[in-house]
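Scroll down for the structure; my scribbles are underneath it.
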Amino acid sequence: NLGGLTGGDGKCQAQADAAGLDGTWKAWLSTSSVNAVDRIYPAGTENTIYKRLDSKLVAKNKADLIDGSIGNPINLDENSSTIQYENVWTGTGSDGEAKNYHCVSWTSSIGSSSSGAGAVGLANAINKEWTYFSSGVYCNNYFRLYCFEQ
């Protein structure tokens, strides 16, 4: 139970603030009515370049971010420490759009039913699995979030 999209964004912002990072941060999360790709850098910012905190290129623009592969894995935390082979809550397919698994719009912590399940990406992936590795993962798990500076 992240507290919905607002709660997920709040977690990203709190971690960024604690690490001394400037800017506004949002979580890469989708719900039944909101696509992650539409939440970060809204319309009119399609040419934004996506980089990790170490300045390594992730994607040249929004289309490149959701074309099925990225330039480097998004596997650095807010302190630039490398993380490996960890699931990341997304609820989002490789096209940046919502999947049916989103822990009841990120408000559920149920661990035993499909209504309490989410989709995850894989932090070390550079193919479409960066955002959609598995679905049906119980919402009572503690996983990371991808956070994008706005």
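Points worth noting:
- For Leu76, the residues 5 or more places off, or on other chains, whose built amide H falls under 5 Å of its own are Ile83.
- Overall, the stretch 1-75 carries a charge dipole of about 100 debye about its Cα centre when +1 sits on the Cβ of Lys and Arg and -1 on the Cβ of Asp and Glu, all other atoms neutral.
- Relative contact order, percent, the stretch 59-107 [alpha-carbon distance under 8 Å, six or more residues apart]: 27
- Contact order relative to length of the chain, as percent, for alpha carbon pairs under 8 angstrom and 6 or more apart: 27
- Candidates Asp22, Asp67, Asp77: whichever shows maximal mean-square fluctuation once the chain is modelled as a Gaussian network with Cα springs under 10 Å: Asp22
- Here the Gaussian network model covers the chain, with springs between Cα atoms less than 10 Å apart; of Gly118, Gly93, Gly20, Gly20 fluctuates the most.
- Placing a pseudo-label 7 Å from each Cα along the Cα-to-Cβ vector at Phe143 and Ser81 gives an inter-label distance of 2.1 nm.
- The chymotrypsin sites (Phe, Trp or Tyr not before Pro) of the stretch 53-150 that DSSP puts in a loop, and whose beta carbon has at most 15 other beta carbons within 10 Å, are Tyr85, Tyr142, Phe143.
- Structural descriptor for the stretch 1-89: relative contact order 18 percent, calculated from alpha carbon pairs under 8 angstrom and at least 6 residues apart.
- Rounded if a/c under 1.5, otherwise prolate or oblate - the stretch 71-150, Cα gyration tensor axes: prolate
- Under a 5 Å amide H cut-off, with hydrogens placed 1.01 Å from N, His102 pairs with Ala117, Ala119 among residues at least 5 apart or on other chains.
- The phi torsions of the stretch 83-93, fed into the Karplus equation with coefficients 6.51, -1.76 and 1.60 and a -60° offset, translate into couplings of 10, 10, 6, 10, 6, 10, 4, 9, x, 10, x Hz, rounded to whole numbers, with Gly and Pro shown as x.
- Its convex hull of Cα atoms gives the stretch 1-101 a direction-averaged projected area, equal to a quarter of the hull surface, of 6.6 nm².
- Residues whose amide H falls under 5 Å from that of Glu86, counting only those 5 or more places apart or on a different chain, are Ala123, Asn124, with hydrogens built in the peptide plane.
- Among Gly121, Gly96, Gly68: highest mean-square fluctuation, GNM of the chain, C-alpha pairs under 10 Å: Gly68
- Carbon/sulfur fraction of accessible area - the chain, other protein chains in place, 1.4 Å, %: 46
- Degrees, to the nearest 10: 4-18 long Cα axis against longest axis of the chain: 40
The values are calculated or read from the model by the stated rules, or taken from the named source; none is laboratory data. Keep in mind the model is a prediction, meaning the values are calculated, not measured. Here the Cβ is made from the backbone with ideal geometry for all residues, glycine too, and neighbour counts use every protein chain on show. Surface areas here come from the heavy atoms of the whole protein model, side chains and all, with no ligands, DNA or RNA. Shrake-Rupley method; radii C 1.70, N 1.55, O 1.52, S 1.80 Å.
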